Amino acid sequence: MQQLTFTEENYLKNIYSLQHKNESGEVSVNEISERMKTKPATVTDMLRKLSEKNLIHYERYKKVRLTDKGVTKALQIIRKHRLWETFLHDKLHFSWDEVHEVAEQLEHIHSQKLIDRLDGYLDYPQFDPHGDPIPDSDGKLPSSSNLLLSEAEMNNTYIITAVKDTTSPFLQQLERFGLQIGKFVTTIEVMGYDKSILIELEKSPSILLSEKIARNLIVSEVER
């Protein structure tokens with residue numbers, strides 16, 4: 001596969017992410033423009049280039065989606081990004097709110113041998129520090145939960161498996177509450193006025209979480 005520029009790789013990665021948030025599996029120019037923080041005209045120019053390389057299906061004034069070739073390339077980039085995040089967090093002890101920015105730079109390293117050795121060195125992790133699934137060398141993703149804490153049933157115990165928001169302010173706020181990947185939480189009550197949720201942590205006082213926080217926490221139900 002031909003070598004892509006950093007910008008082209010960033011577009012593919014972000015189109016892949018947007019596709020999976022849209023039920024149609026297609027993405028508009030305006031959505032990409034907002035995600036990439038650039039003008040629609042600039043996005044259109046890039047889409048033409050990616051289409052010429054057979055990485056996206058693109059027609060003027062219509063939504064776009066990745067080709068099979070584009071999906072393969074996007075998953076390779078995502079794999080590198082999440083492996084680097086895991087390395088930075090687990091081996092170099094970066095906090096989980098610091099790893100994303102550094103991994104954004106490292107994900108563009110093109111040495112497949114390096115990435116495969118990094119995967120082996122980390123003992124083939126399936127999830128990164130934010131709970132996001134890491135594609136394997138064949139592009140396959142491990143199964144993961146998509147249940148939001150805001151949608152959870154009351155009086156049940158769940159384990160936090162991932163976060164939807166990976167921005168530093170959100171992750172830092174979770175740290176203050178003691179909410180991390182692998183923590184068990186028990187849902188107590190939903191407040192009718194603002195949908196905030198009262199929860200209990202292991203061996204900790206009850207915490208009232210805003211709906212915004214609850215809908216950015218992904219959980220799995222603990223089997224009884």
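The figures follow:
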{"quantity": "Accessible surface of M154 - all protein chains present, 1.4 Å probe, nearest 10 Å²", "calculated": "60 Å²"}
{"quantity": "FRET E, pair L147, K62, Förster distance 41 Å, beta-carbon r, rounded to 0.05", "calculated": "0.80"}
{"quantity": "Candidate residues R82, R65, R117, R176: accessible-area rank, largest first, probe 1.4 Å", "calculated": "R176, R117, R65, R82"}
{"quantity": "Length-normalised contact order for the chain - Cα pairs under 8 Å, 6+ apart - percent", "calculated": "15 percent"}
{"quantity": "Cβ charges +1 (Lys, Arg) and -1 (Asp, Glu), total dipole of the chain, debye", "calculated": "800 debye"}
{"quantity": "Probe 1.4 Å, all protein chains present, accessible-area order of S33, S145, largest first", "calculated": "S145, S33"}
{"quantity": "Extension reserve of the R176-D194 stretch, reckoned as 0.36 nm per residue once the Cα distance is removed", "calculated": "4.3 nm"}
{"quantity": "Segment 30-123, accessible area per residue, ligands and nucleic acids excluded (1.4 Å, Å²)", "calculated": "59 Å²"}
{"quantity": "Helix 68-90 vs. the chain, principal-axis angle (Cα, 0 to 90°, nearest 10)", "calculated": "50 degrees"}
{"quantity": "Within straight-line cross-link reach of K69, lysines at Cα separation under 23 Å, skipping those fewer than 8 residues along the same chain", "calculated": "K13, K21, K49, K53, K80, K113, K140"}
{"quantity": "Qualifying lysines (Cα of each under 17 Å from Cα of K212; at least 8 residues distant if same chain)", "calculated": "K164, K195"}
{"quantity": "For the chain, the fraction of alpha-carbon pairs in successive 5 Å shells from zero, as %", "calculated": "1, 6, 13, 16, 16, 15, 13, 10, 6, 3, 1, 0"}
{"quantity": "Area accessible to solvent at W96, 1.4 Å probe radius, in Å²", "calculated": "10 Å²"}
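The values are calculated or read from the model by the stated rules, or taken from the named source; none is laboratory data. Bear in mind that the values here come from a model prediction, so they are computed numbers and not experimental data. Note: ideal-geometry Cβ built from the backbone for every residue, glycine included; neighbour counts use all protein chains shown. Note: areas computed on protein heavy atoms with side chains; ligands, DNA, RNA excluded. Shrake-Rupley method; radii C 1.70, N 1.55, O 1.52, S 1.80 Å.
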